[in-house]
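These notes concern the structure reproduced below.
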Amino acid sequence: MLALRDIRKAFGSTLAVEGLSLEVRAGEVFGLLGPNGAGKSPTIAIATGLLAPDAGSVDLLGLGSPTNPKVRVHLGLAPQEITLYGELTARENLQFLADLYGIDNAKARVDELLALVELDTRADERTAGFSGGMKRRLNLAAALVHDPKLVLLDEPTAGVDPQSRNRILELVRTLASRGKTIVYTTHYMEEAAKICDRIGIVDHGRMLDVGTVGELIARHGGNSTVTVERDGAEERVVTAAPVAEVARQFASGGVTGVRIDRADLESVFLALTGRSLRE
């Protein structure tokens with residue numbers, strides 16, 4: 001569906017993307033994770049054809065580079081920055097895009113999308129007065145106006161309340177169930193673990209590893225921590241076999257409580273990218 005091969009991009013003396021390769025399969029939700037400054041934004045820009053790589057190749061649907069408008073029309077982008085006209089209503093925002101794409105029966109398409117993102121009852125209100133969650137949902141609808149096969153969502157839940165975040169995640173899975181291919185970037189590990197079929201972790205412009213959550217945890221998550229409470233005191237044991245360790249602790253007697261902290265996607269992320277703060 002989307003293939004980036006040995007991509008390199010520099011801005012002056014700063015190398016933003018260095019030999020990055022990834023392949024997104026048709027119909028999957030692919031998560032792209034990385035710290036600030038890891039190279040995610042230029043990678044997304046290159047994948048959407050907004051930026052040309054200095055070296056390497058990008059192929060969308062076997063049609064070639066998305067720098068070609070005839071290829072780029074097959075993808076939709078919901079950027080992190082809200083791209084709506086505040087003085088227009090929700091309906092007018094989508095109608096404007098539909099007219100630009102020359103979509104037949106545009107009104108029906110706009111109505112369909114407004115219903116999908118649950119803004120049909122607010123369709124004729126100016127978007128300047130919308131909440132953050134409403135704007136995010138309309139931003140997603142805007143990326144879908146021309147019915148693209150591949151949709152890139154860049155931090156689509158940034159700055160929204162838990163209810164809106166949950167609804168957006170449900171929308172992503174709904175789109176995937178309808179055959180859309182999704183590339184999803186986020187800083188929320190629990191989101192990626194919940195909705196992504198596979199995840200790629202990027203840092204310093206390179207793809208560090210790709211796999212399912214289970215595969216990444218198995219390769220990089222490390223051991224589990226078993227916390228045992230005995231005689232009012234806690235004892236922690238780091239082990240690769242937590243169930244066996246719990247059985248051993250209970251066999252020795254006097255145990256009043258046990259907690260197992262298993263590795264998760266955040267553990268993998270920190271193991272691969274480090275714990276140092278990023279500006």
*Please report, to two decimal places, log10 I(q)/I(0) for the range 149-279 at q = 0.12, 0.15, 0.16 Å⁻¹ as given by the Debye formula with identical point scatterers on the Cα atoms and no solvent.*
-0.64, -0.85, -0.91
_Residues of the range 57-96 with amide N under 14 Å of the 7 Å Cα→Cβ point at LYS107_ = 92, 95
*What nm distance separates the two modelled labels at ARG173 and ASP231, each placed 7 Å from Cα along Cα→Cβ?*
4.7
*How far apart, in nm, are the 7 Å Cα→Cβ label points at HIS187 and ARG206?*
2.5
*Calculate, in nm to one decimal, what VAL258 and ALA240 gain on full extension: separation in residues at 0.36 nm each, minus their alpha carbon distance.*
4.9 nm
*Find which of LEU51, VAL246, LEU94 sits farthest along the positive direction of the dipole of the chain, computed with +1 on the beta-carbon of Lys and Arg, -1 on that of Asp and Glu, about the Cα centre.*
LEU51
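Assuming 0.36 nm per residue, please report the length gained on full extension of the stretch ARG5 to ASP120 beyond their Cα-Cα distance.
37.3 nm
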*Report, ordered by chain and residue number, the lysines lying within cross-link reach of LYS70, taken as a straight Cα distance under 23 Å and ignoring same-chain residues fewer than 8 apart.*
LYS149, LYS180
*Cα-based reach from LYS9 at 16 Å (exclusive), listing lysines while leaving out same-chain residues under 8 positions away*: LYS40
*At a probe size of 1.4 Å, how large is the accessible area of ARG25, to the nearest 10 Å²?*
140
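The values are calculated or read from the model by the stated rules, or taken from the named source; none is laboratory data. Everything numeric here is computed off the predicted structure, so don't read it as measured data. Neighbour counts run over all protein chains shown; Cβ positions are idealised from the backbone, glycine included. Ligands, DNA and RNA are stripped out before the accessible areas are found, and what is left, the full protein with its side chains, is counted by its heavy atoms. Shrake-Rupley method; radii C 1.70, N 1.55, O 1.52, S 1.80 Å.
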